[in-house]
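Below you'll find the structure, written out as structure tokens, and then a few comments.
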Amino acid sequence: MSGSAKTDQLRLGFMETIEVEGRGHIGGLLITNQNGRPLEFQCTTPVRPNRTQEILFGETLRPWLLGELIGSTLLDRVAIKPSLVVTSDPCLLELRNHTEVPIAVAESATGGRRSVSGGDAGECRKLQLGGSMLRFHEAHNGDIDSLQKQKHLIPDSADLQEPLERVREALAETVRTVFAR
Amino acid sequence: MDAAGTNGESVGASGSAAEADGGVMLPQRPELLQTGFNPALSRVPAPDTICSTLDMTLDFVPSWTPRRIPLKCIGLTLPEGVEFLPPTPPKPELPAESRRAAAVKPAEEAAEGEPPKKKVTRLKPPPDALSLQDRLFYLLQPPLESWLAGQELIMPFEPFSYQYEGIAWLFSSQAALLADEMGLGKTMQTITAIRLLLRSGQARRILLICPKPLIPNWQREFKTWAEELPVVVMEGNGARRRMLWTMPGVPILIANYELMTRDLAEMSEDEQPKFDLLVLDEAQRIKNRESNTALTARAIKRRRSWALTGTPIENRPEELGALFEFMEVIPKGGSPDLRQLSRLAKKYILRRTKDLVMKDMPPRIDRDAELELTDAQESAYRIAEKEGVIQLNDLGDSITVQHVFELVLRLKQIANYDPLTGESAKLERLQADMEEIAASGGKAILFSQWTKTIDWLEPRLKEFNPLIYHGGVPTKQREPILAKFKQDPKAHILLMSYGTGAVGLNLQFAGYVFLFDRWWNPAIEDQAVNRAHRIGVKNPVIVTRFISKNTIEERIDRVLREKRELFEMVLGEGDNNNRALSLTASEIFGLFDLKARHKDGAARSIGPKPVPASGEAA
């Protein structure tokens, strides 16, 4: 069930991480079809940086931990490869440097119908998809162009931030059920 | 020595300078000893160099290279849904998306800029789902609103929020009793939950059992709410039905209770069909645990069990036990006490009342029409009562509730109309009311206990073009009758029997309901009234109960009022009253003052004594 093979189908990834007190971070990736129906979910075991990593990575610790470490692991593990990964955490944009899959931070498309699709909007280009404004990695602005062809598959009413809530709930449930034992 | 002298002078000079500066004078000049070493100090040192290799081996070198920490993952692949033909494309003048959008648009347009956040209904894992995978399955589903509004599942109308909650609850439940009050959309909620189960791959084969008259209603509702779902109705001869029971690839099979009982009894254990979900509509039909219907329903192999009824308790709270046994949440033959029933009810029953969820619904206006019998009726009634009571008294201790029941029925029939003269106070009142209703273009439904009364009424209400809907009307003719009642502006009254017309029908276009005579149970009467007073009703529904004064009807009405209060108490929280909710044997006896006469002329009451805790229901 390789999603991106068919041009009339779009597989979306929704990635979030949460911090578990005393255990570190865990991350989850939900793959859905273009209508938000879940197809696959993966989540990691908790990971906690040691003192050396904290010192040496400094400010780059979170992007490394969340993006490169957790994000890459999740993307490697999913059987259904997404055409786009949406997140709410800008730190996860770092993942784009380690994968070919476009990564975007979803922001609420405030101001209603202002379409910025593909145009310059400040420092980095943004793309309106459904009811959300997507911000991409500065060094990979070409991602917008690659998504333009499939943009029509996402209904205007789609809320790309809602599935992130599902991921957070699923992570919390996982922590309660498995890791809290 | 020059050097010494120079040294001595310089010291002395420095001492003078110190004095000049106001410093402290040394008391005595230092004495330099002649050691022969001093000249060596003045010679320029001549260091020599040698070559030596640097030792590069260190005892401890801290080293660190970033490496990727291996992380373990927990994965879940969600089942693929069943693909069906997409629904018929929406009509051009009103596209489905627009229809849906129309329902939600006013709220969106109300605010400028940021659209208002819509309330969402999320699925919750059922309490008995223990594995992480099972629980995640529910948590990862989209909110019902967006799921149903998506391109895949078009809804003809936007459900109410309590209906979304009901759908979510059903979808997550292995065992469920949806007991919403009549008229709140149990059918629609069930169909939508079934639709989601099929679409999400949670179920592939579903059996729905309902009373025979309701099959066309279910078919119609499936067409409205999930027209893409193939529905097969169990009908035809034995061979065909046998084939249908086990035919693969039928997602939804609808059968009536009688066929279920008959057909499955003829199948061997190996032949018994299996289902992912069994739904019993009007599930109070299995309240008698030992009945063939209940035994057959419980024996059906299935993974999920849902029961639907607006009256989970018709007579006694213990009836819930039969439903819980079907739902497999109590052991076979288990008899939970009231406290356990209450606990189980909280977990497995979802019941909402109109007062709770439909605050904006037009009200139901109840009015009692207390009527004096006509002279002929009065005369016939008194004679029948007097003779009947005498006969009962003569029976003495051999009297049974059946004897009393027969007298009650005879008196109730006379209260409807005098069989000899045809006089009827109720008919006179009905005709008067109907003239007014017909003049305003309104429609009314009339319920009676007897088909005989209905047939008697029909020719007498000719001017209002009455339609008849009771058990004597062949099933195939019933739907056209309902359609005619809805569409024909001249058809002002539908005459129905409680038994056939009280459940499952949507007649919310009728603004008036007449209860020509009273049923034994307030729950059945409510079911009847709610054919008209249900979702979609635009105007208040006026319910008129005919009660003949100074007759058995008045006494029954008093008992029923008390029953209604009890009914509300039992389904409320903290109820611990287990008194029977329907007429008990002692209450039926109590309708008459029955006394057996001794030879010595003394009299004593006969019949069962009132039972304080629980009694035998009528």
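The values are calculated or read from the model by the stated rules, or taken from the named source; none is laboratory data. Predicted model only: the values in this text are computed from it and were never measured. No Cβ is skipped: glycine too gets one built from the backbone with ideal geometry, and neighbour counts run over all protein chains shown. Note: areas computed on protein heavy atoms with side chains; ligands, DNA, RNA excluded. Shrake-Rupley method; radii C 1.70, N 1.55, O 1.52, S 1.80 Å.
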Inset, instruction - For the stretch A:20-35 and the stretch B:161-202, compute the distance between their C-alpha centroids and round to whole Å. - result: 29
Legend entry - Net lengthening on full extension, B:Lys274/B:Ser440 (0.36 nm per residue, minus Cα-Cα): 54.4 nm
Legend entry - Efficiency of FRET between A:Ser108 and B:Leu54 - r from beta-carbon atoms, R0 45 angstrom, step 0.05: 0.10
Inset, instruction - Calculate what fraction, in whole %, of the accessible area of the stretch B:174-357 sits on carbon and sulfur atoms when a 1.4 Å probe is rolled over the protein chains. - result: 49
Legend entry - Residues whose placed amide H lies under 5 Å from that of A:Val20, excluding near-sequence neighbours: A:His25, A:Ile26
Inset, instruction - Please list, in chain and number order, the residues 5+ apart from B:Leu208 or on another chain whose amide H is under 5 Å from its amide H, with Hs placed from the backbone. - result: B:Leu253, B:Ile254, B:Ala255, B:Val279
Legend entry - Binned Cα-Cα distance frequencies in the stretch A:1-85 - 5 Å width, integer %: 3, 15, 23, 19, 14, 11, 8, 5, 2, 0
Legend entry - B:Val513 long-range amide H proximity, modeled H, under 5 Å: B:Ile445, B:Ile542, B:Val543, B:Thr544
Inset, instruction - Determine ³J(HN,Hα), in whole Hz, for all residues of the stretch A:158-164 in sequence, where each value follows from phi through the Karplus function 6.51 cos²θ - 1.76 cosθ + 1.60 and θ = phi - 60°; x replaces Gly and Pro. - result: 5, 10, 6, 8, 4, x, 5
Legend entry - Chains B and A together, accessible area buried on both sides, 1.4 angstrom probe, square angstrom: 3300
Legend entry - Computed lengthening from B:Thr400 to B:Glu479, 0.36 nm per intervening residue step minus Cα-Cα distance: 24.3 nm
Legend entry - Ratio Rg/Rh, restricted to the stretch B:174-357 and using Cα atoms, in which Rh is the Kirkwood radius: 0.95
Inset, instruction - Provide the per-residue ³J(HN,Hα) series for the stretch B:545-562, in order, calculated from phi with Karplus coefficients 6.51, -1.76, 1.60 and θ = phi - 60°, each as a whole number of Hz, with x at glycine and proline positions. - result: 9, 7, 10, 7, 5, 6, 10, 4, 4, 5, 5, 5, 4, 4, 5, 5, 4, 5
Inset, instruction - Return the subset of B:Lys426/B:Lys549; B:Lys426/B:Lys476; B:Lys476/B:Lys538; B:Lys212/B:Lys490; B:Lys212/B:Lys347 for which the Cα-Cα distance in this structure is over 21 Å, preserving the input order. - result: B:Lys426/B:Lys476; B:Lys476/B:Lys538; B:Lys212/B:Lys490; B:Lys212/B:Lys347
Legend entry - Phi to ³J(HN,Hα) by Karplus 6.51 cos²θ - 1.76 cosθ + 1.60 over the stretch B:143-148, Hz, x for Gly, Pro: x, 4, 4, 7, 5, 6
Inset, instruction - Would you mind giving the average projected area, over all directions, of the Cα convex hull of the stretch A:3-179 in nm² with one decimal? - result: 10.4
Inset, instruction - Treat each spin label as a single point 7 Å out from the Cα along the C-beta direction, and report the B:Gln133 to A:Lys149 distance in nm. - result: 3.6
Legend entry - chain A, helix-only ellipticity at 222 nm - DSSP H runs n ≥ 4, -39,500 (n - 2.57), divided by all residues, nearest 500: -5000 deg cm²/dmol
Inset, instruction - Place a +1 charge on the Cβ of each Lys and Arg in the stretch B:366-432 and a -1 charge on the Cβ of each Asp and Glu, then give the dipole magnitude about the Cα centre in debye, rounded to the nearest 20. - result: 140
Legend entry - Within a Gaussian network of chain A (alpha carbon springs, distance under 10 Å), most fluctuating of A:Ser132, A:Ser157, A:Ser88: A:Ser157
Legend entry - Rel. contact order, % - alpha carbon contacts under 8 angstrom, at least six apart, the stretch B:174-357: 31
Inset, instruction - Could I have the simple spin-label model distance between A:Glu54 and A:Asp156, label points 7 Å from Cα toward Cβ, reported in nm to one decimal? - result: 5.0
Inset, instruction - Quick one: order B:Trp456, B:Trp519 from most to least accessible surface, probe 1.4 Å. - result: B:Trp519, B:Trp456
